[in-house]
Amino acid sequence: MKIYITRHGQTEWNVEGRMQGIKNSNLTEQGKKEALNLGDSLKDAKIEYIYTSPLTRAYDTAVLIKGDKNIPVEINENLKEMHFGIWEGMYNEEIVRDYADEHYKFWNEPHLYKSIDGETFEELIKRVKITLDDIINQNKGVNILLVTHAIVIKAIYAIIKDYELKSFWNPPFINNTCVTILECNEDEREFILEADTSHVEN
């Protein structure tokens, strides 16, 4: 079983430098192109099922990747991005100015980060682990695609590689529509491709 994992395409708020979290921001034309390119690059992957975050930027990416192929697309609420609480929709420079300490901890000391009205990293990882286990158990022997968000994908890395929370931001960086492949065989789970962007670069 192979799980193809990707982040949504570029969004308007990505360009504007705003924290998206569980709020919606539409794909840009570049983001749509990235999704179409990814769909083309995965045309021979024999993907039989797609799970997507409910957020528009992810769902729209999933539909563009699917194209005219007869693949079911299922929304999974637990694939939505980390809830950033009071930071939702704020510009990055506003967060740095108004919440300097927590901003620093978010990016440099995630084990010490305390969200204001949002999710902690511990809560996110717990949510993602339960969801990943459920999806794997329901799809044994089937190749599937997850369309989700950068920090959810980082949580999957932390779970599979068994990082301590302080190492949450270990490489790789999760670019828009980069592809990670997780191979699952019985009790073994390992990455065979990490954050590939060759379809974007081409």
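The values are calculated or read from the model by the stated rules, or taken from the named source; none is laboratory data. Computed from a predicted structure; not experimentally measured. Heads up, the Cβs are rebuilt from the backbone with ideal geometry, glycines too, and the neighbour counts pull from every protein chain shown.
Assorted remarks:
- Condition check for Leu145 on (1) part of a helix (DSSP H, G or I); (2) under 15 Å from the mean Cα position of the chain (by Cα); (3) within 20 Å of Ile65 (Cα to Cα): one failure, at (1).
- Filter pass, Glu77 being at pLDDT 95 or above and surrounded by fewer than 16 Cβ atoms within 10 Å (Cβ to Cβ): yes
- Screening Glu12 with (1) under 23 Å from Phe173 (Cβ atoms); (2) buried (at least 16 other Cβ atoms within 10 Å of the Cβ) gives one miss only, at (2).
- Segment 173-190, subset out of contact with any Phe, Trp or Tyr (no Cβ under 8 Å at 6 or more places or on another chain) and within 30 Å of Lys114 (Cα to Cα), residue surrounded by the most Cβ atoms within 10 Å (Cβ to Cβ): Thr177
- Unmet criterion (only one of (1) surrounded by fewer than 17 Cβ atoms within 10 Å (Cβ to Cβ); (2) closer than 20 Å to Lys46 by Cβ) for Leu165: (2)
- Taking the numbered list (1) closer than 21 Å to Ala195 by Cα; (2) at pLDDT 95 or above; (3) not in a helix (DSSP H, G or I) in turn, Val152 passes all entries but (3).
- Test: residue in segment 85-103 that is crowded, with 19+ Cβ neighbours inside 10 Å and of a type in the set (Ser, Thr, Tyr): no
- Within segment 179-190, residues that are under 8 Å from Ile3 (Cβ atoms) and modelled with pLDDT of 95 or more reach partners that are of a type in the set (A, V, I, L, M) and not in a strand (DSSP E or B) with beta carbons closer than 7 Å, at six or more positions or on different chains, in the pairs Leu182/Ile160; Cys184/Met1; Cys184/Ile136.
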